[in-house]
1. Quickly work out the THR130-to-HIS145 label distance, labels modelled 7 Å from Cα along the C-beta direction, and quote it in nm with one decimal.
2. For region 19-253, what does the relative contact order come out to in percent, with C-alpha contacts under 8 Å and a separation of six or more?
3. For region 195-205, just list the computed ³J(HN,Hα) in residue order, Karplus coefficients 6.51, -1.76 and 1.60, θ = phi - 60°, integers in Hz, with x standing in for Gly and Pro.
4. So, in nm, how far is label GLN259 from label GLU204 when the simple model puts each one 7 Å beyond its Cα toward the Cβ?
5. Under a cut-off of 12 Å between alpha-carbon atoms, report the aspartates and glutamates in cross-link reach of LYS136, not counting same-chain residues fewer than 8 places apart.
6. Could you list which residues have their amide H under 5 Å from that of ILE52, counting only those 5 or more apart in sequence or on another chain, with H placed in the peptide plane?
7. Please give the net charge around ALA220, taking every other residue with its beta carbon less than 13 angstrom from that of ALA220, where Lys and Arg add +1 and Asp and Glu add -1.
8. What list of ³J(HN,Hα) values in whole Hz, one per residue of region 126-139 in order, does the Karplus curve 6.51 cos²θ - 1.76 cosθ + 1.60 (θ = phi - 60°) give from phi, with Gly and Pro shown as x?
Amino acid sequence: MKKADNGLNEITSIQTKSNAISARELTLGYDDKVVIDQLDVHIPEGEITVFIGGNGCGKSTLLRSLARLLKPQSGSILLDGEAIHKQSTKEIARQLAILPQGPEAPEGLTVLQLVKQGRFPYQGLFSKWTEKDEEKVQAALSATHLTELKDRPVDSLSGGQRQRAWIAMTLAQDTDIILLDEPTTYLDMTHQIEILDLLFDLNEKEGRTIVMVLHDLNLACRYAHHLIAVQDKGIYAEGKPEDVITCDLVRDVFKMECQVTADPLFGTPLCIPHGKGRCVVREEVERIDPYKALS
């Protein structure tokens, strides 16, 4: 494991468990509606895994189930080989952190107060705030560049700052696995890259296992080691982005024609969707109906 910089080394912990997470014959749904059906999946340890897929395909549902926020209709989710629903809440919270989509803090809650909540799994009925707790909180603030903003109310921050505050809380929780549901939603381009770069550093420098749902296919390809495309209540394809992303996949999963090329900066797959738009490449260009092949 590489030595971390910018405060990341201070929040590294030595775990005795492997913290591998997987699902077997997993069926998920709401009432009588099945969203995920008989799915088997394994999340690679120490890598960034990104779920992709169309709206309503079950990505967020699957992520929530991996975090034990949604009980399966059948099948099981395993953490280090043990059924996750048979383990205590605090035991799980010491191994796995979840950042749901669009979290909201109580009015007036400061950044410091929010980040301190990440230490809840280590607090007992009569336990006191320890030096280790304080070290983890301060290291999380440093890693997310929020030290100078720690006394600001969370609801007074910009979108990117708020998202960093929630991520700081998950860092203070000090888990080897971090799950995030659409962490870049509603953020501008600068803040999207800021958040994803932070998560990339957590993986690269600490070996944290990062599992995300992302809508931006090109950013998913840039940051993920492992992509899982979800469709029709199961997995359409999974693997390295360069092995998974094809025109056929985009057509089948997203119902859109596209061209797939290499990102000129990173070499990762770059999806260029067909459709209408102003063209400055040449005066006349054949306009391709993105839905023609699907009709």
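1. 3.2 nm
2. Computed over region 19-253, the figure is 28 percent.
3. Values, residue by residue: 5, 5, 5, 4, 5, 4, 5, 4, 6, 5, 9 Hz.
4. Distance between the two pseudo-spin positions: 3.0 nm.
5. The reachable aspartates and glutamates, counting only those whose Cα sits under 12 Å from LYS136, are GLU10, ASP174.
6. Under 5 Å from the amide H of ILE52: ILE228, ALA229, VAL230.
7. Summing Lys/Arg as +1 and Asp/Glu as -1 gives -2.
8. Residue by residue, region 126-139 yields 10, 6, 9, 5, 9, 4, 5, 4, 5, 4, 5, 5, 5, 5 Hz.
Readers should treat all values here as calculations from the given coordinates under stated rules, not as data from a laboratory. Note that the structure is predicted; figures quoted are calculated from it, not measured. When we count neighbours, we look across all protein chains shown, and the Cβ atoms used for this are built from the backbone with ideal geometry, even at glycine.
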